[in-house]
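Enquirer: Provided herewith is a single structure, encoded as C-alpha cells, for subsequent inquiry.
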Amino acid sequence: MTEPTRVIPMPTPGRQRRAVLAPVLGLIALGFCGLVVLGLVGNSVGTAGVLVGALGALLPVVPVVATFLWIDRWEPEPPRTLLFAFLWGACFAALTALLINTSASIVVEQALGSGSGDLLGAVVVAPVVEEAVKGAFLVGLLVFRRREFDGVVDGIVYAGLVAAGFAFTENILYLGRAFTEDAGVGQVGSVLAVLVLRGVFSPFAHPLFTAMIGIGAGVAARTTSVAVRIAAVTIGFLVAVALHSLWNTSASVPGNSLFLVVYGFVMVPVFLALVAVVVWQRRREQRIVAAQLPGFAAAGWIVPSEVPLLASMAGRQGWRAAVRRRSGRKVAKAVADYQAAVTELAFLRHRLARGTVGAHGPMWHAEAVEAVRAARARAVGHPEALTVAIRRHGPPGWTPPPPGPPPGQWPATPPPSAPGHAPW
C-alpha cells in the first residue's frame with residue numbers, strides 16, 4: 001500500500017496581504033501609543049525634561065540592546081520582529097502600565113489613606129501590571145508567530161528587548177523628573193545620581209525580570225502539552241513579578257541596607273544564573289545544528305566541506321571574515337544569510353521531530369529548504385564569494401565548497417537513511 005501524498009498548503013493572496021498589512025497596522029498602533037506616552041511624559045516633566053531624559057536614557061539602552069543582539073547571533077531572529085519587541089515595550093507596554101499604575105495608585109490612596117498609594121503601587125500593582133503587559137508580547141509570539149520561536153534563547157532575547165524598550169521610556173520619565181524637580185546646582189547631581197543607579201548599577205533590571213517569562217515561553221515552545229505550556233508561562237510570570245516586587249520593595253524602604261542585601265544576594269546571583277542558562281542553551285543550539293548538518297549534506301542541501309564551517313560559531317565567523325577580506329561586506333552578508341538559513345532549517349527539523357510545530361510544518365519545511373537553496377545560490381554564485389575567498393585567504397586546511405546542485409535538483413527532504421535525518 002502506497003503512502004498517501006502529503007499536501008502542503010501554499011500561501012494564498014489573502015494570507016500574503018495579511019502578512020504585509022498586519023505589520024503596517026501594528027507599527028501605526030505602536031506609533032500612536034508612543035506619541036501618547038511622549039505627550040504624557042512631556043506634560044509631567046516638560047520639553048526640556050523629555051530631551052534630557054531621552055539623551056540620558058540612550059546611554060544604558062544601547063549596550064543592553066547590543067547584548068541581546070549578541071546573544072542572538074547563532075540564529076538571528078527577524079529584524080522586524082526584534083524591532084516590534086522593542087517598540088512594544090517602549091510604547092504600548094509603557095503607556096498601558098503608566099495609565100493603570102496611576103489609576104490604581106489614586107484608588108488605593110483614596111481607600112487606604114495618604115502615602116499608601118505610592119507604596120502599594122510600587123510593591124504590588126506595578127510588578128503585576130508591568131510584567132503582564134511585557135509578557136503579553138511573548139504570549140502573542142507563541143500563539144501567532146510560532147515559527148519564530150525556537151526555544152529558551154529566543155524567549156530571553158525577545159523578553160530582553162521588550163524590557164529594554166520599557167526601561168528606555170521609564171528612564172526618560174525618571175531622568176526628566178530629576179532634571180525638573182531639582183532646580184539650580186542640584187540639577188546635574190540629581191540627573192547623574194539617577195543615571196548611575198538605573199544606567200550603571202541596574203540597566204538589566206527590567207530585562208532580568210521579564211527574562212523569567214521568556215524562559216517559560218521558551219519551555220512552552222518546546223513541548224506538545226498544553227498544560228505544560230500554560231504552567232511554564234505562568235511560573236515564569238510569577239517569578240518575574242516576585243523579583244520585580246522585591247526590587248521595588250527594597251528601593252521603597254528608607255535607607256540602603258535592604259536594597260544592598262537584595263541587590264547583592266538576590267539580583268546578582270539571579271543575573272549570573274541567567275547568564276549560565278544562556279551559555280547552556282547556546283551550546284545546546286550548536287549541538288542541534290551540528291547533528292542536522294550531515295543529513296543536509298547527504299540530501300544535497302549543503303556540501304560535505306561546509307559541515308565543519310557551519311557547525312561552530314568560530315567556523316562561521318572565520319568563513320565570513322575570509323569572504324569579507326576578499327570580496328567585501330556585501331558578499332560576506334550573503335554568506336551570513338546562508339548560514340542563518342541553514343540554522344533555521346536545522347531548528348525547524350528538530351522541532352518537527354519533536355512534534356511541536358503543528359499543521360503548518362510541511363509548508364514551513366518546504367519554504368525553509370527553498371530559503372537555503374536561494375541563500376546558497378546568492379553566496380556561492382558570486383564570482384568572488386566562497387570559492388575564491390576561502391582558497392586564497394581562508395585559514396589553513398579549509399577546502400572551498402563547490403557550488404552545489406542546480407536549483408531544479410534540490411530534494412524536498414533528505415533520504416531516510418541520511419545521518420541526522422529526523423522523520424516527521
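The values are calculated or read from the model by the stated rules, or taken from the named source; none is laboratory data. All figures in this text were calculated on a predicted structure; none of them were measured in a lab. Because the Cβ atoms are built from the backbone with ideal geometry, glycine has one as well, and the counts that use them run over all protein chains shown. Areas reflect the complete protein model, heavy atoms only, side chains present, ligands, DNA and RNA absent. Shrake-Rupley method; radii C 1.70, N 1.55, O 1.52, S 1.80 Å.
Enquirer: Mind giving me the FRET efficiency for LEU197 and ALA111? R0 is 35 Å, r the Cβ-Cβ distance, nearest 0.05 is fine. Please list the in-between numbers first.
Expert: Details: r = 31 Å, r/R0 = 0.89.
E(calc), rounded to 0.05, equals 0.65.
Enquirer: Calculate one ³J(HN,Hα) per residue across segment 28-34 by plugging θ = phi - 60° into the Karplus curve 6.51 cos²θ - 1.76 cosθ + 1.60, and present them in order as whole Hz with x for glycine and proline.
Expert: Values, residue by residue: 4, 5, 5, x, 5, 4, x Hz.
Enquirer: Given that compact globular proteins tend to follow 2.2 N^0.38 Å, what is the ratio of the alpha-carbon Rg of segment 242-336 to that value? Write down the numbers at each step before the final one.
Expert: Details: Rg = 22.5 Å, N = 95, 2.2 N^0.38 = 12.4 Å.
The reported ratio for this selection is 1.81.
Enquirer: Compare THR223, THR343 by solvent-accessible area with a 1.4 Å probe and give them largest first, with all protein chains kept in place.
Expert: Values: THR223 25, THR343 0 Å².
The residues order as THR223, THR343, largest area first.
Enquirer: Rank these residues by their accessible area, most exposed first, probe 1.4 Å: ARG287, ARG320, ARG73. Provide the component values of the computation, followed by the final result.
Expert: On the way: ARG287 140, ARG320 50, ARG73 80 Å².
From most exposed to least exposed: ARG287, ARG73, ARG320.
Enquirer: Using only alpha-carbon positions, what ratio does the radius of gyration of segment 286-390 give when scaled by 2.2 N^0.38 Å?
Expert: Numbers: Rg = 13.9 Å, N = 105, 2.2 N^0.38 = 12.9 Å.
Normalised Cα radius of gyration, segment 286-390: 1.08.
Enquirer: Looking at the calculated P(r) for segment 183-270, what percent of the C-alpha pair distances fall above 22 Å? Let's see the in-between values first.
Expert: Working: 1617 of 3828 pairs.
Taking all Cα-Cα pairs of segment 183-270, the fraction more than 22 Å apart is 42 percent.
Enquirer: Moving on to the next point. Short version: ³J(HN,Hα) in whole Hz for each residue of segment 163-175, in order, from phi by Karplus 6.51 cos²θ - 1.76 cosθ + 1.60 (θ = phi - 60°), x for Gly and Pro, what are they?
Expert: My calculation for segment 163-175 gives 5, 5, x, 4, 5, 4, 5, 4, 5, 4, 5, 5, 5 Hz in order.
Enquirer: How big is the shadow of the Cα convex hull of segment 25-252, averaged over all directions, in nm²?
Expert: That works out to 12.9 nm².
Enquirer: Right, something else. Whole Å is fine, so just give me how far the alpha carbon centre of segment 236-282 lies from that of segment 294-372.
Expert: 37 Å
Enquirer: Among ALA217, VAL41, THR96, whose Cα projects farthest towards the positive end of the dipole of segment 25-252, with charges put on the beta-carbon of Lys, Arg (+1) and Asp, Glu (-1)?
Expert: Farthest towards the positive pole: ALA217.
Enquirer: Determine how large the accessible area of THR224 is when every protein chain is in place; take a 1.4 Å probe and give Å² rounded to the nearest 10.
Expert: So the heavy atoms of THR224 present about 80 Å² to solvent.
Enquirer: Could you calculate the contour length gain from ALA242 to VAL307, that is, 0.36 nm times the residue separation minus the distance between their Cα atoms, to one decimal place in nm? Kindly include the intermediate steps, with their values, before the conclusion.
Expert: Details: separation 65, 0.36 × 65 = 23.40 nm, distance 4.46 nm.
Once the chain is fully extended between ALA242 and VAL307, it gains 18.9 nm.
Enquirer: Take the Cβ-Cβ distance between LEU69 and LEU25 as r, set R0 to 30 Å, and report the resulting FRET efficiency rounded to the nearest 0.05.
Expert: Details: r = 26 Å, r/R0 = 0.86.
E between LEU69 and LEU25, to the nearest 0.05, is 0.70.
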